[in-house]
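Student: Below you will find the structure I want to go over with you.
The values are calculated or read from the model by the stated rules, or taken from the named source; none is laboratory data. Computed from a prediction, not measured in an experiment: that's the story for all the values here. Glycine also receives a Cβ, built like all others from the backbone with ideal geometry; neighbour counts cover every protein chain displayed. Heavy atoms of the whole protein, side chains included, go into the accessibility calculation; ligands, DNA and RNA do not. Shrake-Rupley method; radii C 1.70, N 1.55, O 1.52, S 1.80 Å.
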Amino acid sequence: MQAILEKALEAVQAVADFQLKHFRAMPVGADNIKSLRETVSFVDVESEKILQDALLPLIEEAGFYGEESGKTGSQDLVWIVDPLDGTTNFLSGNDHFSISVALVKNGKPILGILCKPFSNETWTCIKGEGVFYKGEKTSKVSENLTEKDALFVTGFPYRSSDVAPSFFACAAEVLTLGRGIRRTGSAALDVTNLSCGWMQGFWETDLQPYDIAAAMLFAEENGCIVTNHQGGEYDIFSDRLMVAALPAVHAALLETIQKHYAADI
């Protein structure tokens with residue numbers, strides 16, 4: 001598995017170099033609208049092609065699931081890839097964007113890579129072996145920090161107009177639950193930062209598997225609690241709302257979310 005990780009990391013680095021070549025060098029409007037407030041550029045498409053071409057030969061029986069190209073091959077053992085999480089940031093010249101790669105077996109991530117190209121930051125994990133940041137093993141998150149000292153991070157529900165009222169009511173309460181709320185534009189980076197203890201609580205609706213598969217592995221590996229909004233195990237393929245937090249923060253965040261979101265969303 002380590003050899004596979006190293007080869008996958010080489011592909012991710014190649015994509016990072018490609019993205020940096022075009023970052024802040026593309027004219028305004030060099031993108032296409034996928035759906036309301038979702039854009040895609042040739043950088044997304046070409047990045048995914050580089051990853052697919054490099055990853056598929058590494059494990060003969062593994063399939064592929066990319067944000068831009070969809071599903072091919074087996075989905076029991078599958079590479080799940082977001083070639084550019086934070087496309088809107090990228091196209092706007094904001095450096096907060098990332099590349100996310102996960103190997104998922106029977107719905108559970110077993111290997112993850114996340115790269116923030118602009119700052120040359122990379123996280124890697126093989127399940128059960130810890131999370132590595134810039135090649136150094138990270139520590140488990142604090143078990144003692146509570147919600148009053150927590151900084152929360154989220155994403156606006158632009159895909160989910162049906163939960164917008166719930167979101168804004170919930171955010172108003174979370175705002176005073178801890179030290180504040182941030183919205184960055186990359187869920188993959190948000191949950192990865194949580195895994196290092198740099199954020200302390202996260203919630204968002206309608207995440208896609210490619211948004212979160214690698215970061216969820218990091219978070220769980222480092223002792224964060226990751227659930228759906230009912231407090232059960234989060235399923236990357238079926239659950240609509242993720243709640244992730246440090247151990248002593250999760251209960252208060254979950255309780256707040258349950259006040260505002262319907263149980264059956």
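Student: Please specify each residue of the stretch 196-224 satisfying the condition of being farther than 29 Å from residue 161 by Cα, within 14 Å of the chain's Cα centre (by Cα) and assigned to a helix (DSSP H, G or I).
Tutor: 218, 220
Student: For the stretch 57-71, which positions are assigned to a strand (DSSP E or B) and either of a type outside the set (Phe, Trp, Tyr) or closer than 17 Å to residue 7 by Cβ (or both)?
Tutor: Hits for the stretch 57-71 are 63, 64, 66, 70, 71.
Here is a yes/no grid of residues against (1) under 20 Å from residue 108 (Cβ atoms); (2) in contact with a Cys (Cβ under 8 Å, 6 or more places away or on another chain); (3) not in a strand (DSSP E or B):
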| residue | (1), (2), (3) |
| --- | --- |
| 226 | yes, no, no |
| 235 | yes, no, yes |
| 244 | yes, yes, no |
| 248 | no, no, yes |
| 254 | no, no, yes |
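Student: When only residues in the stretch 108-137 that are assigned to a loop (DSSP other than H, G, I, E, B) and open to solvent by 30 Å² or more (accessible area, probe 1.4 Å) count, which is farthest from residue 221 (Cα to Cα)?
Tutor: Among them, the one singled out is 120.
Student: Name the pairs: first residue in the stretch 117-135 and under 14 Å from residue 16 (Cβ atoms), second residue open to solvent by 30 Å² or more (accessible area, probe 1.4 Å) and among the small types (Gly, Ala, Ser), Cβ to Cβ under 9 Å, at least 6 apart or on different chains?
Tutor: 122/135; 124/135
Student: So residue 242 fits all but one of (1) of a type outside the set (Lys, Arg); (2) at pLDDT below 95; (3) crowded, with 22+ Cβ neighbours inside 10 Å; what number is the exception?
Tutor: The single condition residue 242 does not satisfy is (2).
Student: Out of 223, 232, 197, report the one residue that is open to solvent by 10 Å² or more (accessible area, probe 1.4 Å), touching a Pro at 6+ places or on another chain (Cβ under 7 Å) and not β-branched (Val, Ile, Thr).
Tutor: 223 is the lone residue from the list that is open to solvent by 10 Å² or more (accessible area, probe 1.4 Å), touching a Pro at 6+ places or on another chain (Cβ under 7 Å) and not β-branched (Val, Ile, Thr).
Student: Can you tell me which residues in the stretch 1-27 are free of Cβ contacts under 8 Å to residues at least 24 places away in the same chain and surrounded by 15 or more Cβ atoms within 10 Å (Cβ to Cβ)?
Tutor: Within the stretch 1-27, just 22 meets the criteria.
Student: Oh, and also: Take the residues of the stretch 144-194 that are part of a strand (DSSP E or B) and either in contact with a Leu (Cβ under 8 Å, 6 or more places away or on another chain) or not β-branched (Val, Ile, Thr) (or both): which is surrounded by the most Cβ atoms within 10 Å (Cβ to Cβ)?
Tutor: Ranking the qualifying residues of the stretch 144-194, first place goes to 152.
Student: Separate question: Tell me which of these residue 87 doesn't satisfy, since it passes every other one: (1) modelled with pLDDT of 95 or more; (2) open to solvent by less than 30 Å² (accessible area, probe 1.4 Å).
Tutor: Every condition holds for residue 87 apart from (1).
Student: Next question, about the same structure. Report yes if some residue within the stretch 100-107 is under 24 Å from residue 15 (Cα atoms), among the polar types (S, T, N, Q), open to solvent by less than 20 Å² (accessible area, probe 1.4 Å) and assigned to a strand (DSSP E or B); otherwise report no.
Tutor: Checked the stretch 100-107: at least one residue is under 24 Å from residue 15 (Cα atoms), among the polar types (S, T, N, Q), open to solvent by less than 20 Å² (accessible area, probe 1.4 Å) and assigned to a strand (DSSP E or B).
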